[in-house]
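The values are calculated or read from the model by the stated rules, or taken from the named source; none is laboratory data. Bear in mind that the values here come from a model prediction, so they are computed numbers and not experimental data. Cβ placement follows ideal geometry from the backbone for every residue including glycine, while neighbour counts extend to all protein chains displayed.
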Amino acid sequence: MNKLSTAFFFLSLAPILSASPTGHWLAKQTFPDGQTRETSLWLKADGNTLTGYMMSPNQDAAPVSNGRISGSEISFTIVRDNFGEERKTDYTGTLTDKTLTLHLPGFWGSRVREMSFQQVSTEPPGALPAPRPKISLPPAADVPSNGLAKTPPMGWNSWNKFARRVSDQVVRQTADAIVKNGMKDAGYIYVNIDDAWQGTRDAEGNIRPNDKFPDMKALADYIHSKGLKIGIYSSPGPKTCANYEGSFQHEEQDAKTFAAWEIDYIKYDWCSASQVYDYHSMQAVYAKMGHALLDSGRPIFFSLCQYGVLKSETWGAKVGGNSWRTTGDIRDTWESMSHIGFDQQLELAPYAGPGHWNDPDMLEIGNGGMTTTEYRTHMSLWSLLAAPLLAGNDLNTASPNIMQILLNKEVIAIDQDPLGKQAKRVSKDGNLEIWARPLKDGAYAVGLFNRGASSAKVTARWSDVGIDGSARVRDLWKHEDLGASAEVFSSDVPSHGVTLVRVEPSR
């Protein structure tokens, strides 16, 4: 290398070598709808060691631990109190002059995301800011049942596909598609608007929709004219997950507004409630909205979204809930769907039944992250679990293969069986699992699952299911009667696949 190229080489490295992570770093995200979110990172370098803290909109400041810097590369761990349990998240980043590109870890197989921080100050961080004062609510009286949801709800939700891009037009087009493509006739009746519909409050405190929803009552009327029902979204905190207006201190007012708009369903997402409430008050916080909905004068399905923390299955029905989330958010990956569906539902069957259901989150079928085989497994498992079937794809562009999965009436009948018994895992052999649930007419639904990487023969023993003797078997994906099978039934199942059968005992 000659002298000129050597000089150029070191000049090109100057921004990296001279950069210091010490100071205040700010990441400002601006979304297509104009909403912004700011996350602050305060760092201090001491040799190769990093300390500091991170602050985000819906969470208190959390300390940096295990911080390291090596050249332009940094790494650290953020430790947070997650509903009484310590949660650690590892981050890595690349530092140049006044930009820090932080790599956020993926969730159950999702791709790694990045966030760009700009340095706004070189001042080192001070003491860790104290947590915000929290409200503690006394235990609330149980909320009487609203009489809804004798079977799990079926419909569509906007978030998985459209997120903040949801609009009046998207919702109307989706309702039209549900009627046209046969989903309405198959039982999908709820058209649910997730986060990002909210505007500001008027002088009297009444919530108003934003510009994407010019007239919520007119939209509800349109949905109802199609023979469908409409759902909406809010949070018990000051802000929703997407940083829109929540229902904090406006619970009764919002419930009456929703009733006046003739809303049929509300998803109530914990989000920023952690800023204002002691998490031990979660049951009372949800009961507050439960009572408000019951007093609104309109029957409204109440969906609790609090990620399965604090054993919500044990108290969800007591606060008026018709369903309650049992896990964190699903992702459109095999890893996410299978972990949620198989591993995190094992002990929950006793809590499901007519009027109140465990909710492992919305369907990802058709969003492109899984294979047709994996989506068939997704639909089969959710139906065995008596889970809400809320499609989350673009129904106007869905392929015939995807529609065949969503419209399989024999599989839907398992989900909607009026007995309301959630499936249990009755046997496991490595990656091969058998799940079964009893049906009202005395038959059983049985899923033979292969979670492994290669095709395998999966065998179900009728004695594990609760059947004595032989049984008649019908394959619900092939729509074929397979005849009688004595004591055991075997099927060759592809990797990540399922054979879903309806089994009728011979006696």
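Among the numbered conditions (1) assigned by TED's automatic domain parsing to the domain that holds residue 309; (2) assigned to a loop (DSSP other than H, G, I, E, B); (3) of a type outside the set (Phe, Trp, Tyr), the only one that residue 454 does not meet is (1).
Can you say whether residue 432 is without any contact (Cβ under 8 Å) to a residue 24 or more places away in the chain and either farther than 23 Å from residue 389 by Cβ or out of contact with any strand residue (DSSP E or B) (no Cβ under 9 Å at 6 or more places or on another chain) (or both), as far as the supplied structure shows? Against the criterion (without any contact (Cβ under 8 Å) to a residue 24 or more places away in the chain and either farther than 23 Å from residue 389 by Cβ or out of contact with any strand residue (DSSP E or B) (no Cβ under 9 Å at 6 or more places or on another chain) (or both)), residue 432 does not qualify.
Just one of the listed residues (83, 76) is touching a helix residue (DSSP H, G or I) at 6+ places or on another chain (Cβ under 6 Å) and at pLDDT 80 or above, namely 83. Might you let me know whether the stretch 287-298 holds any residue that is touching a Ser or Thr at 6+ places or on another chain (Cβ under 6 Å) and in contact (Cβ under 8 Å) with a residue 12 or more places away in the chain? No, the stretch 287-298 has no match at all.
Residues are listed down the side, and each one gets a yes or a no for (1) under 23 Å from residue 37 (Cα atoms); (2) of a type in the set (Ser, Thr, Tyr):
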| position | (1), (2) |
| --- | --- |
| 241 | yes, no |
| 286 | no, yes |
| 289 | no, no |
| 308 | no, no |
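Within the stretch 344-385, can you find the residues that are within 13 Å of residue 423 (Cα to Cα) and in a helix (DSSP H, G or I)? Those that are within 13 Å of residue 423 (Cα to Cα) and in a helix (DSSP H, G or I): 349, 350, 351, 380, 381, 382, 383, 384. Taken together, the residues in the stretch 53-73 that are at pLDDT 90 or above and in contact with a helix residue (DSSP H, G or I) (Cβ under 8 Å, 6 or more places away or on another chain) amount to 2.
Taken over the stretch 467-478, the criterion of being at pLDDT 95 or above and part of a loop (DSSP other than H, G, I, E, B) is satisfied by 467, 476, 477, 478.
Any residue at all in the stretch 189-197 that is surrounded by fewer than 18 Cβ atoms within 10 Å (Cβ to Cβ) and in contact (Cβ under 8 Å) with a residue 40 or more places away in the chain? No, because not a single residue in the stretch 189-197 is surrounded by fewer than 18 Cβ atoms within 10 Å (Cβ to Cβ) and in contact (Cβ under 8 Å) with a residue 40 or more places away in the chain. Residues satisfying the criterion are absent from the stretch 35-50 (criterion: out of contact with any Phe, Trp or Tyr (no Cβ under 9 Å at 6 or more places or on another chain), under 24 Å from residue 327 (Cβ atoms) and without any contact (Cβ under 8 Å) to a residue 60 or more places away in the chain).
Residue-by-condition table, conditions (1) surrounded by fewer than 20 Cβ atoms within 10 Å (Cβ to Cβ); (2) closer than 24 Å to residue 405 by Cβ; (3) at pLDDT below 95; (4) touching a Cys at 6+ places or on another chain (Cβ under 7 Å):
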{"position": "130", "(1), (2), (3), (4)": "yes, no, yes, no"}
{"position": "150", "(1), (2), (3), (4)": "yes, no, no, no"}
{"position": "153", "(1), (2), (3), (4)": "no, yes, no, no"}
{"position": "158", "(1), (2), (3), (4)": "no, yes, no, no"}
{"position": "161", "(1), (2), (3), (4)": "no, yes, no, no"}
{"position": "179", "(1), (2), (3), (4)": "yes, yes, no, no"}
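This table checks each residue for (1) of a type outside the set (Gly, Ala, Ser); (2) more than 15 Å from residue 234 (Cα to Cα); (3) touching a helix residue (DSSP H, G or I) at 6+ places or on another chain (Cβ under 9 Å).
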{"position": "172", "(1), (2), (3)": "yes, yes, yes"}
{"position": "181", "(1), (2), (3)": "yes, yes, yes"}
{"position": "189", "(1), (2), (3)": "yes, yes, yes"}
{"position": "196", "(1), (2), (3)": "no, no, yes"}
{"position": "199", "(1), (2), (3)": "no, no, no"}
{"position": "202", "(1), (2), (3)": "yes, yes, no"}
{"position": "208", "(1), (2), (3)": "yes, no, yes"}
{"position": "222", "(1), (2), (3)": "yes, yes, yes"}
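Restricted to helices (runs of 4 or more DSSP H) entirely inside the stretch 218-296, those with at least 1 residues that are aromatic (Phe, Trp, Tyr), closer than 20 Å to residue 141 by Cα and touching a Pro at 6+ places or on another chain (Cβ under 9 Å) are 282-294. Which one of these does residue 207 not meet: (1) among the β-branched types (Val, Ile, Thr); (2) surrounded by 15 or more Cβ atoms within 10 Å (Cβ to Cβ); (3) in contact with a Leu (Cβ under 9 Å, 6 or more places away or on another chain); (4) over 26 Å from residue 417 (Cα atoms)? For residue 207, the exception is condition (3). Meeting the requirement of 3 or more residues that are within 23 Å of residue 275 (Cα to Cα) and touching a Gly at 6+ places or on another chain (Cβ under 7 Å), no strands (runs of 3 or more DSSP E) wholly within the stretch 58-107 can be named. Among residues of the stretch 387-446 being assigned to a strand (DSSP E or B) and among the hydroxyl-bearing types (Ser, Thr, Tyr), the one that is surrounded by the most Cβ atoms within 10 Å (Cβ to Cβ) is 444. Listed by first and then second residue, the pairs with beta-carbon distance under 8 Å, at least 6 apart or on different chains, first residue in the stretch 141-154 and in contact (Cβ under 8 Å) with a residue 60 or more places away in the chain, second acidic (Asp, Glu), are 151/415; 151/417; 152/415; 154/415. If you go through the stretch 461-505 and pick out every residue that is surrounded by 16 or more Cβ atoms within 10 Å (Cβ to Cβ), touching a residue at least 24 places away in the same chain (Cβ under 8 Å) and hydroxyl-bearing (Ser, Thr, Tyr), you end up with 4.
Within the stretch 316-329, the set of residues being out of contact with any strand residue (DSSP E or B) (no Cβ under 6 Å at 6 or more places or on another chain) and either surrounded by fewer than 20 Cβ atoms within 10 Å (Cβ to Cβ) or free of Cβ contacts under 8 Å to residues at least 40 places away in the same chain (or both) comprises 318, 327, 328, 329.
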